[in-house]
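Undergrad: One structure is given below, represented as structure tokens, and several questions about it will come after.
The values are calculated or read from the model by the stated rules, or taken from the named source; none is laboratory data. None of these values were measured; they are calculated from a predicted model. For neighbour counting, all protein chains shown are included, and Cβ atoms are generated from backbone atoms with ideal geometry for every residue, glycine included.
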Amino acid sequence: MTGIDWNATRAARVVSTSEMRKRARRLPRAIFDAVDGGAGDEVTLRENRRAYERIAFAPPALADAGSRDLTTTILGDPVSMPLLLAPCGMARMLNSAGELAVARAAGKAGTIFAVSGVSSYPLEDIAGVATGPLWYQLYLLSDREATTAKLARARTAGYRVLCVTVDATIAALRERDVRNGLEIPPALSLRLVVGALRKPSWLAAFVRGEVGDAGLGARVAVRDFVTTIRQLIGVTSDELRWIRERWEGPLVVKGVMRGDDCEELLRLGVDGIVVSNHGGRQLDGARATIEILPEVVEAVNGRVEVFVDGGVWRGSDVVKAVALGARAVLIGKAYMFGLAAYGEAGVDRVLEIFRVELDRTLGMLGCSCVADLNPSLLAKSSLG
Ligand SMILES: Cc1cc2nc3c(=O)[nH]c(=O)nc-3n(C[C@H](O)[C@H](O)[C@H](O)COP(=O)(O)O)c2cc1C
């Protein structure tokens, strides 16, 4: 007899990604805030979202799109929709299956998972369960040998695309974390226990060693994480050239915030650019990414693929980004909250919500495929 999958049943009742965020409140406050929060006054965190809300659609009156095709390709990989899962570290703080669950969910949904350079499962284990393409996100370390070893491991495990994050070399001040006394990885501090006492299911999993840092393979990954964070260095042109010489596959740079950086990036042989401010978690006061996107798209002028992340919570946001020239968007918090609320079933549900909303929005704009999207479908007056 097969049992009822309560996580899937409960996840299926969640209507939107913002509702999924509310369901993730089953986490202790400190852990919820570590995912939800941003740097400083969280101006950039809020602006990422608000900037999408300010953009209005301009649907044509006479258009018909009875059936829609959401498929596209990302750096040559076919995907079911123009959306992939952003690299987010330490997923095991949220659910025992961590990145393994995310990789499985991404594969089922027919899209790509970009695995964090500070994942809580070894990159080989994640590749072992993945059925779809993976990106490997690299944080550049001062120790070149360690970086070379990381690249070799990623290549051997089958990662084809390398994504170098350039906006997180200085530790940001995330005030919620400071207030919550959060340590990464979470140790059994008094504050965390007190907060977790009101979240018995998370606390029980923590004590069993399923979440946090006590699990088997996770221990190694956590040691890795701490070493990585201590050794982060800035990515200069020389460093990027050094990486390019050591990675044969497609190379993506994540964390671009101005159009006039693009020429140099292209000269250095980059194959993709992610317009990102790290979801408002790094430099507070940076511009909303969807507002930066057009200037990057113009600078790149079709020579490489451009992606954007930050504040994507709706299928309609994906449509706006693609209409403005993004090849695809990356989502971060939205799927992390799915993972926190219902594990793999939660990530499945988040991806399904995006797919349905994306399909509906495309239809209402009279587009039968993502290639039909263009800036004329957005009201000029709403585009800043
Ligand atoms: C909990 C969490 C952990 C993250 N860890 C990483 C990371 O390890 N590497 C990285 O490049 N970006 C990391 N990011 C940033 C995401 O890749 C992405 O840029 C951001 O979440 C997008 O914004 P959104 O959360 O509003 O969708 C993290 C984001 C979150 C929320």
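Undergrad: Sort out for me the helices (runs of 4 or more DSSP H) sitting completely within the stretch 1-53 that have 3 or more residues that are more than 19 Å from residue 317 (Cβ to Cβ) and within 20 Å of the chain's Cα centre (by Cα).
TA: Of the helices (runs of 4 or more DSSP H) lying wholly inside the stretch 1-53, those with at least 3 residues that are more than 19 Å from residue 317 (Cβ to Cβ) and within 20 Å of the chain's Cα centre (by Cα) span 29-36.
Undergrad: Is it the case that some residue within the stretch 338-351 is within 16 Å of the ligand (Cβ to nearest atom), within 23 Å of residue 44 (Cα to Cα), modelled with pLDDT of 95 or more and touching a strand residue (DSSP E or B) at 6+ places or on another chain (Cβ under 8 Å)?
TA: No, every residue in the stretch 338-351 fails to be within 16 Å of the ligand (Cβ to nearest atom), within 23 Å of residue 44 (Cα to Cα), modelled with pLDDT of 95 or more and touching a strand residue (DSSP E or B) at 6+ places or on another chain (Cβ under 8 Å).
Undergrad: Going by what's in this entry, would residue 302 be described as free of Cβ contacts under 8 Å to residues at least 24 places away in the same chain, surrounded by fewer than 22 Cβ atoms within 10 Å (Cβ to Cβ) and not in a strand (DSSP E or B)?
TA: Spelling it out, residue 302 is indeed free of Cβ contacts under 8 Å to residues at least 24 places away in the same chain, surrounded by fewer than 22 Cβ atoms within 10 Å (Cβ to Cβ) and not in a strand (DSSP E or B).
Undergrad: Still on this model: Only one of these conditions is not met by residue 322: (1) within 21 Å of residue 80 (Cβ to Cβ); (2) modelled with pLDDT under 95. Which number is it?
TA: With (1) within 21 Å of residue 80 (Cβ to Cβ); (2) modelled with pLDDT under 95 applied to residue 322, the lone miss is (2).
Undergrad: Please specify each residue of the stretch 128-166 satisfying the condition of being within 14 Å of the ligand (Cβ to nearest atom), under 20 Å from the mean Cα position of the chain (by Cα) and not aliphatic (A, V, I, L, M).
TA: 135, 136, 137, 139, 163, 165
Undergrad: Regarding the stretch 54-73, can at least one residue be identified that is surrounded by fewer than 16 Cβ atoms within 10 Å (Cβ to Cβ) and within 30 Å of residue 182 (Cα to Cα)?
TA: No, the conditions are met nowhere in the stretch 54-73.
Undergrad: Continuing with the same structure: Counting only residues that are assigned to a loop (DSSP other than H, G, I, E, B), of a type in the set (A, V, I, L, M, F, W, C) and closer than 26 Å to residue 277 by Cβ, which one in the stretch 82-127 is farthest from the ligand (Cβ to nearest atom)?
TA: Here the residue is 112.
Undergrad: Scan the stretch 292-316 for residues that are on the phi > 0 side of the Ramachandran plot, among the small types (Gly, Ala, Ser) and more than 14 Å from the ligand (Cβ to nearest atom) and report the count.
TA: Final tally of qualifying residues: 1.
Undergrad: While we're looking at this one, here's another question. Residue 38 fails exactly one of the following numbered conditions: (1) more than 16 Å from the ligand (Cβ to nearest atom); (2) touching a helix residue (DSSP H, G or I) at 6+ places or on another chain (Cβ under 8 Å). What is the number of that condition?
TA: The single condition residue 38 does not satisfy is (1).
Undergrad: Could you identify the single residue in 28, 82, 87 that is more than 30 Å from residue 373 (Cα to Cα) and out of contact with any Asp or Glu (no Cβ under 7 Å at 6 or more places or on another chain)?
TA: After applying the criteria, what remains is 28.
Undergrad: Within the group 339, 362, 373, which residue is without any contact (Cβ under 8 Å) to a residue 60 or more places away in the chain, surrounded by 22 or more Cβ atoms within 10 Å (Cβ to Cβ) and more than 19 Å from residue 50 (Cα to Cα)?
TA: 373
Undergrad: I'm trying to understand the selection: among the residues of the stretch 130-165, which are in contact (Cβ under 8 Å) with a residue 40 or more places away in the chain, buried (at least 22 other Cβ atoms within 10 Å of the Cβ) and part of a loop (DSSP other than H, G, I, E, B)?
TA: Hits for the stretch 130-165 are 133, 139, 140, 159.
Undergrad: Of the conditions (1) surrounded by fewer than 22 Cβ atoms within 10 Å (Cβ to Cβ); (2) touching a Phe, Trp or Tyr at 6+ places or on another chain (Cβ under 8 Å), residue 266 satisfies every one except a single condition; which number is it?
TA: All conditions pass for residue 266, except number (2).
Undergrad: Continuing with the same structure: Take the residues in the stretch 172-189 that are at pLDDT 85 or above and not polar (S, T, N, Q), then tell me which one is surrounded by the fewest Cβ atoms within 10 Å (Cβ to Cβ).
TA: Looking at the filtered set, the residue picked out is 178.
Undergrad: When you scan the stretch 332-384, how many residues do you find that are hydroxyl-bearing (Ser, Thr, Tyr) and more than 23 Å from the chain's Cα centre (by Cα)?
TA: 4
Undergrad: Is it the case that some residue within the stretch 279-291 is touching a strand residue (DSSP E or B) at 6+ places or on another chain (Cβ under 7 Å), without any contact (Cβ under 8 Å) to a residue 40 or more places away in the chain and either away from the ligand (no atom under 14 Å from the Cβ) or under 22 Å from residue 112 (Cα atoms) (or both)?
TA: So far as the stretch 279-291 goes, no, none of its residues is touching a strand residue (DSSP E or B) at 6+ places or on another chain (Cβ under 7 Å), without any contact (Cβ under 8 Å) to a residue 40 or more places away in the chain and either away from the ligand (no atom under 14 Å from the Cβ) or under 22 Å from residue 112 (Cα atoms) (or both).
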